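Colleague: Pasting a structure below so you can have a look.
The values are calculated or read from the model by the stated rules, or taken from the named source; none is laboratory data. Predicted, not measured: the structure shown is a model, and the values here were computed from it. Because the Cβ atoms are built from the backbone with ideal geometry, glycine has one as well, and the counts that use them run over all protein chains shown. Heavy atoms of the whole protein, side chains included, go into the accessibility calculation; ligands, DNA and RNA do not. Shrake-Rupley method; radii C 1.70, N 1.55, O 1.52, S 1.80 Å.
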Amino acid sequence: MNKTINNRGQILSELLIAIAIGAFLATISAQLIAVSLNASKTSEEKSRGASLAQEGMESMRAIVRGNATSSQGWNRIYLPPDGTGNASSSKGINNPWHPEIIGETWQLASSSEIISISEKNYTRKIIIENVCRNDTGGAIAGVSPCNPGTTTDDPTTQKITITVSKNDMPDVILSAYFARYLNESM
């Protein structure tokens, strides 16, 4: 009889240990699933942000390459938004733009824009900056304002930076230099 009680006690101890191990493994599994789902969500949001930045860059290319009378191509980014702006005061970090389709053409509109995708809001802004070149050699030395005596403003090159942001996500930033390649007057 003593042996039966000891066996029952040992079985009960083994059962409690098995339940504890099962609960521990279930907790670890739940945490791994939660981390995996969060990583998948974050990856999807970053991918959307990158797509919005790329779309913004492609719209800028379309604006620059558009050379019809109504679009004025290069002048739209050199003198934003419509080719009649100021080459200095209508650009820079304090003057964000966003692309908009008006009629059948991409055009610039002032300020940043909010884009909603699957009930999530992304903010996209385009910054246009004048480029400075070294006086000796002509390499790009940065953006305006230029340093007199060492760098000069280059009216044939503009730096375009597109930033897409969303709460709880690092900004997606895409930059490129655009050069005037058509013989348009400014």
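Colleague: Looking only at the range 165-174, how many residues end up being among the polar types (S, T, N, Q) and open to solvent by less than 60 Å² (accessible area, probe 1.4 Å)?
Modeller: Going through the range 165-174 one residue at a time, the tally reaches 1.
Colleague: May I pose another question? If I ask for residues that are without any contact (Cβ under 8 Å) to a residue 24 or more places away in the chain and part of a strand (DSSP E or B), which ones from the range 123-142 would you list?
Modeller: Applying the first criterion (without any contact (Cβ under 8 Å) to a residue 24 or more places away in the chain) to the range 123-142 yields 132, 134-139, 141-142.
The answer is 132, 134, 141, 142.
Colleague: Give all pairs with beta carbons closer than 6 Å in which a residue from the range 100-122 that is closer than 26 Å to residue 79 by Cβ meets a residue that is acidic (Asp, Glu); count only pairs at least 6 apart in sequence or on separate chains.
Modeller: 107/100; 109/100
Colleague: Among what's in the range 109-119 and is outside any strand (DSSP E or B) and either open to solvent by less than 30 Å² (accessible area, probe 1.4 Å) or out of contact with any Ser or Thr (no Cβ under 6 Å at 6 or more places or on another chain) (or both), pick the residue that is farthest from residue 170 (Cα to Cα). I'd like the intermediate steps shown before the answer.
Modeller: In the first step, residues of the range 109-119 are kept if they are outside any strand (DSSP E or B); the result is 111-112, 118-119.
Then drop every residue that is not either open to solvent by less than 30 Å² (accessible area, probe 1.4 Å) or out of contact with any Ser or Thr (no Cβ under 6 Å at 6 or more places or on another chain) (or both), which leaves 111, 118-119.
Numbers: 111: 21, 118: 19, 119: 18 Å.
Taking the candidates together, the pick is 111.
Colleague: Can you give me the number of residues within the range 21-78 that are in a helix (DSSP H, G or I) and either within 30 Å of residue 181 (Cβ to Cβ) or in contact (Cβ under 8 Å) with a residue 12 or more places away in the chain (or both)?
Modeller: The number of residues fulfilling the criteria is 25.
Colleague: Any idea how many residues of the range 120-164 are touching a helix residue (DSSP H, G or I) at 6+ places or on another chain (Cβ under 8 Å) and open to solvent by 30 Å² or more (accessible area, probe 1.4 Å)?
Modeller: Adding up the residues that qualify gives 2.
Colleague: Those residues that are in a strand (DSSP E or B), touching a Pro at 6+ places or on another chain (Cβ under 7 Å) and either at pLDDT 95 or above or closer than 16 Å to residue 161 by Cβ (or both), I need them from the range 79-108; list them, please.
Modeller: 97, 108
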